[in-house]
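First comes the structure, then the notes that go with it.
The values are calculated or read from the model by the stated rules, or taken from the named source; none is laboratory data. As the structure is a prediction and not an experimental result, all values here were calculated from the model. Note that each Cβ is placed from the backbone with ideal geometry, even for glycine, and that neighbours are counted across all protein chains shown.
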Amino acid sequence: MSTTNDGYYEVVWPRSPRRLQRKQLAPRLQSLEGKTIAQLWDYLFQGDKVFAALEEGLKSRYPGVRFVGWREFGNTHGKDERRILADLPRRFKELGVDAAISGMGC
């Protein structure tokens, strides 16, 4: 049994309709000089060493830059992940954070 379709095939779009609207990105900082940077980490792949190196390099390049260390926030990929991430906007405001570096290990 052979059916012909004369070269026409039904096609479906592989993407679903958008559920969320895009949000405008925050404006980029002109400089890190005098800014406060949060360090977020998932406790994998030696982030403690990576953040120490980043902190040292950024301090030498941008006078007055301050850091809020990863210990302040907790594991961003652990059992309390949802609570920690949901609480970030409040914590950032409370701590005067201007920017964040989020490190993750694979």
**Item:** Scope region 21-55; condition charged (D, E, K, R) and free of Cβ contacts under 8 Å to residues at least 60 places away in the same chain; matching residues
**Value:** R22, K23, R28, E33, D48, K49, E55
**Item:** Search result, residues across region 64-82 that are over 15 Å from M104 (Cα atoms) and surrounded by 10 or more Cβ atoms within 10 Å (Cβ to Cβ)
**Value:** G64, V65, R66, F67, V68, E72, D80
**Asked** Among the residues of region 8-20, is any without any contact (Cβ under 8 Å) to a residue 40 or more places away in the chain, among the aromatic types (F, W, Y), assigned to a loop (DSSP other than H, G, I, E, B) and in contact with a Ser or Thr (Cβ under 9 Å, 6 or more places away or on another chain)?
**Response** no
**Asked** In region 87-104, is there at least one residue being modelled with pLDDT under 85, in a loop (DSSP other than H, G, I, E, B) and in contact with a Leu (Cβ under 8 Å, 6 or more places away or on another chain)?
**Response** yes
**Message:** So, in region 53-76, exactly how many residues are part of a strand (DSSP E or B) and under 19 Å from D98 (Cβ atoms)?
**Reply:** 3
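Yes/no per residue for (1) at pLDDT 95 or above; (2) not small (G, A, S):
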{"position": "T4", "(1), (2)": "no, yes"}
{"position": "V11", "(1), (2)": "no, yes"}
{"position": "R15", "(1), (2)": "no, yes"}
{"position": "Q24", "(1), (2)": "no, yes"}
{"position": "I37", "(1), (2)": "yes, yes"}
{"position": "G78", "(1), (2)": "no, no"}
{"position": "I84", "(1), (2)": "no, yes"}
**Message:** Among the residues of region 45-67, what is the count of those that are modelled with pLDDT of 90 or more, more than 13 Å from G34 (Cα to Cα) and among the β-branched types (V, I, T)?
**Reply:** 0
**Message:** With the requirement that a residue be loosely packed, with under 11 Cβ neighbours inside 10 Å and part of a helix (DSSP H, G or I), what does region 28-52 give you?
**Reply:** K49
